[in-house]
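Please read the structure below before turning to the comments.
Nothing in this text is a laboratory measurement; each read-out follows from the coordinates by a stated rule. The structure displayed is predicted, hence computed values, not measured ones. Glycine gets a Cβ as well: all are built from the backbone with ideal geometry, and neighbour counts include every protein chain shown.
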Amino acid sequence: MRTRRFLTCFWLVCLTSGCFHTVRFDLKSSHEAPAEGVNKVIVETRNGRANLVCRTAPGPVRVQATRKGRGSTEAAARECAEAMTIQVERDTLDPATLRIAMVAPPEPKWGWSHGASFDVELPQGVDVDVQTSSGAVTVRGARGDLKLKTSNGAIAVADVQGDMDVQTSNARIELAGVEGGRIHASTSNGSIEAHDISGEPSFRTSNGRIRLHLDRTPGRPRIRVVSSNGEIELEVPGTVEADLNLRTSNGSITHDLGGFDAVHGVKSSRDRFQATLNGGGGSIEGETSNGRVSFRSRR
């Protein structure tokens, strides 16, 4: 009983005194590193966004960093922000890799919360690896492989060429003007929107819609799109050679196969549709529950 009374008094004191109130303080800084000999850029942070723009012109890698400190007072928030450091340097084990990172102190004070956002400008032709949390990731103009990972933040990719692996949670993924081989995207509680795509996509989400409009793909591709509690919309080139398999539960399946030269082996039921397109060889899978599936050829 005494313990319960003590805890109740503690919470009342904290609530009335405002000890859970936090103040944010931002510190901005600019950094630059030569790009000669760099074939990969890694960005590591947390509680902040990462925005990368790849330019056609040569030149250095330019970084605008915003350190975000939180504390119970403005002085504490400033001290928290100043305790973080920004590193823009070559990897000691792989000098061809440039690492951009926020480094928090090893023993932060009670009540501190660290975060940093990055705006990065770099030349095209390098691979990009971004890892953050509670922040959005955007990449434009890249000409190299992409690996993007965040949580509780949206991902947007546009005008890129290369293989891609993007992952988030509780947020949407938007892809536009992507030309690659393997294109993997996954999220939860968020939609995936993909337009003007060339390659072999594999998309997965839960509690979200998936829209995939393919411009070009290998003649016999491997395409897989899976959702739960969300509709699926697929549009593929009429030249594709694949075995089509669409499934849903608690939803309908609609299809327009008029754009394919040859369609054989059609099997249709309430919750499943199968067909062989242009002789088959590849595979197209669309699966959801509690949502409709729509499929058509791109004319």
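Tabulated data for the structure shown
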item	result
Reciprocal mean inverse distance between Cα atoms of segment 81-140 - Kirkwood radius, Å	13.8
Reference-scaled alpha-carbon Rg (2.2 N^0.38 Å with N residues) for segment 169-277	1.06
Degrees between helix 2-17 axis and first principal axis of the chain (Cα, 0 to 90, nearest 10)	90
Neighbour count of at most 11 Cβ within 10 Å plus DSSP loop: longest chymotrypsin sites (Phe, Trp or Tyr not before Pro)-free window in the chain	111-299
Hz values of 3J(HN,Hα) by residue in segment 46-61 - Karplus curve (6.51, -1.76, 1.60), Gly and Pro given as x	7, 6, x, 8, 9, 10, 10, 10, 9, 9, 7, 6, x, x, x, 8
Candidates GLY251, GLY282, GLY111, ranked by Gaussian network fluctuation over the chain, Cα under 10 Å, top entry	GLY111
Relative contact order, percent, segment 119-181 [alpha-carbon distance under 8 Å, six or more residues apart]	28
Sites ASP165 and SER29, calculated FRET efficiency, Cβ-Cβ separation with R0 25 Å, nearest 0.05	0.25
Per-residue ³J(HN,Hα) for segment 216-230, Karplus 6.51 cos²θ - 1.76 cosθ + 1.60, θ = phi - 60°, Hz, x for Gly and Pro	9, 7, x, x, 10, x, 10, 10, 9, 9, 9, 9, 9, 6, x
Normalised contact order of the chain, rounded percent, pairs of Cα under 8 Å and 6 or more residues apart	12
For the chain, fraction of C-alpha pairs farther apart than 23 Å, in %	63
Cα-centred dipole magnitude for segment 55-128, charges only on beta-carbon of K, R (+1) and D, E (-1), debye, nearest 20	180
Cα Rg, Dmax (largest Cα-Cα span) when computed across segment 221-262, Å	11.6, 33
Listed residue pairs exceeding 31 Å between alpha carbons, taken from LYS28/LYS149; LYS149/LYS267; LYS28/LYS109	LYS149/LYS267
Hydrodynamic radius (Kirkwood) for segment 102-216, which is based on Cα pairs only, to one decimal in Å	14.8
q = 0.16, 0.21 Å⁻¹: log10 I(q)/I(0) that the Debye formula gives for segment 214-291, counting C-alpha atoms only	-0.54, -0.92
Per-q log10 I(q)/I(0), segment 26-86, q = 0.13, 0.22, 0.24 Å⁻¹ (Debye; single scatterer per alpha-carbon; no solvent)	-0.46, -0.96, -1.07
Estimated distance in nm for a label pair at ASP256 and ASP119, the labels positioned 7 Å out from Cα along Cα-to-Cβ	4.2
222 nm mean residue ellipticity, helices alone, for the chain (DSSP H n ≥ 4; -39,500 (n - 2.57); rounded to 500)	-3000 deg cm²/dmol
Rounded Å value of the spacing that divides the Cα centres of segment 67-88 and segment 231-272	54
Per-residue ³J(HN,Hα) for segment 150-160, Karplus 6.51 cos²θ - 1.76 cosθ + 1.60, θ = phi - 60°, Hz, x for Gly and Pro	8, 9, 6, x, 6, 10, 10, 10, 9, 6, 10
